[in-house]
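Here the structure is laid out as structure tokens; the discussion comes afterwards.
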Amino acid sequence: MAADPVSRLAAIDIGPNSVRLMVVEATREGSYRILDDHKETTRLAHGLAASGMLAQEAIIHTIDALRRMKSIVSGYQVDLLRVIATSAVRDATNGPDFVVAARQQLDLDITVISAVEEGELSYRSVASHYDLSDQHVLHVDLGGGSCELVFATLGNIEEIVSLPAGAVRLSEAFLTSDPPDKGELRTLRRKVKKLYEETVREPTFLPHLMTGAGGTFSALASMVMRLRGLGERPIAGFTVNRSEVRHVLALLMMLPLAERRSVPGLHADRADIIIAGVAVIERLMKWLHINRLLVHDKGVRDGLIRAMIDDDLVRAHRARA
């Protein structure tokens, strides 16, 4: 017999590229069942690197998406909703204004989490799905505005660093030609290397494995599946080697945007930022001599839901004590 549900929970993650909602039914065993999983691409970080501010049009799109998601949450009569925002709102000078607008217009309380908290939630998610207890791992959460690097050994986090090297940010700053020329890619690579060297101290270990969360990783896995002739299959746990990452990057570099939108396995709304995202993955694998990438199809939202469930179980235990 299935365990009685503890509660219905909902988490909304406001990222630089998209807003994602997950509604779940938690159980007393600490697991959950997904009731709804909804995503809207709002490009909140569009123009942020150049202006330092969230564009008004992007704010309007995001507020509208949040309004629809709040309506979905209300329909499920959830017991607890948490809304978090990551690098776009964290970095923008008018980020606090966006938070106030969401509260005034939608009665939503948004928590702007730090880069370290973002990395912790993402790693919590991947570690709950795969046994990493005997491996040295670099977990990468690659979003539109930033790239969180989590160095973990034998299941324990050693260091979390954040690079301002998200797919949207880098695409807008460096890849202006269509298709991008090799000089632009070299400049992008040099920039990412500089950011990496300035931010990451010498790792105490070389990772055996990279795990990756975020839309770029999911798109990469889908494209590699098609290139292998595997068709469409679940992304979770799919592994990619470094030579395949290099091959996909070289293929994408040859295609103008209109043709990238038709690449098998790549969603059209990610075609304009995919090159920058794959380039970051390829460089990290090269620099750290990592040959194997495990793609995780969840991330910050899953980690947040798991944290909420743990908190719920602790409260329930204390109530019974």
Treat each spin label as a single point 7 Å out from the Cα along the C-beta direction, and report the Glu202 to Arg68 distance in nm. 5.1
With the 8 Å Cα cutoff and a minimum separation of six or more residues, the range 125-209 has a relative contact order in percent of 27
In bins 10 Å wide, starting from 0, what share of all Cα pairs of the range 140-208 does each bin hold, as a percent? 19, 44, 26, 10, 1
Which entry in (1) 1.12; (2) 0.99; (3) 1.19 matches Cα Rg over 2.2 N^0.38 Å derived from the coordinates of this structure? (2)
Highest-first arrangement of 111-121, 140-150, 270-280, 227-237, where packing means the average Cβ count within 10 Å: 140-150, 270-280, 111-121, 227-237
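Before I look further, what does the range 217-321 give for accessible area per residue, probe 1.4 Å, in whole square angstrom?
Ligands and nucleic acids excluded, the result is 45 Å² per residue.
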For the range 77-231, state the average projected area of the convex hull of the C-alpha atoms over all orientations, rounded to one decimal in nm². 13.1
In nm, what is the difference between 0.36 nm times the number of residues separating Gln56 and Asn241 and their Cα-Cα distance? 62.5 nm
Can you list the trypsin sites (Lys or Arg not before Pro) in the range 45-138 that are in a DSSP coil and have 10 or fewer other beta carbons within 10 angstrom? none
I want to check the label-to-label distance for Tyr76 and Asp131. Put each point 7 Å from Cα in the C-beta direction and report it in nm to one decimal. 3.1
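By how many nm would the segment from Leu35 to Leu230 grow when fully extended, if each residue of separation counts as 0.36 nm and the alpha-carbon distance is taken off?
67.3 nm
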Using a cut-off of 13 Å between beta-carbons, work out the net charge of the residues near Pro203 (Lys and Arg +1, Asp and Glu -1, Pro203 not included). -3
In percent, what relative contact order does the chain have, based on Cα pairs under 8 Å that are 6 or more apart in sequence? 18
Both in Å, the radius of gyration and Dmax of the C-alpha trace of the range 148-292 are 15.1, 44
Give me the percent of the accessible area of the range 150-222 that comes from carbon and sulfur atoms, probe 1.4 Å, all protein chains in place. 48
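Show me the ranking of peptides 303-311, 18-26, 256-264 by mean Cβ neighbours inside 10 Å, starting with the highest.
Highest mean packing first, the order is 18-26, 303-311, 256-264.
The values are calculated or read from the model by the stated rules, or taken from the named source; none is laboratory data. Note that the structure is a prediction, hence the values are computed from the model and not measured. Note that each Cβ is placed from the backbone with ideal geometry, even for glycine, and that neighbours are counted across all protein chains shown. Please note that ligands, DNA and RNA were not included when accessible areas were found on the heavy atoms of the full protein model with its side chains. Shrake-Rupley method; radii C 1.70, N 1.55, O 1.52, S 1.80 Å.
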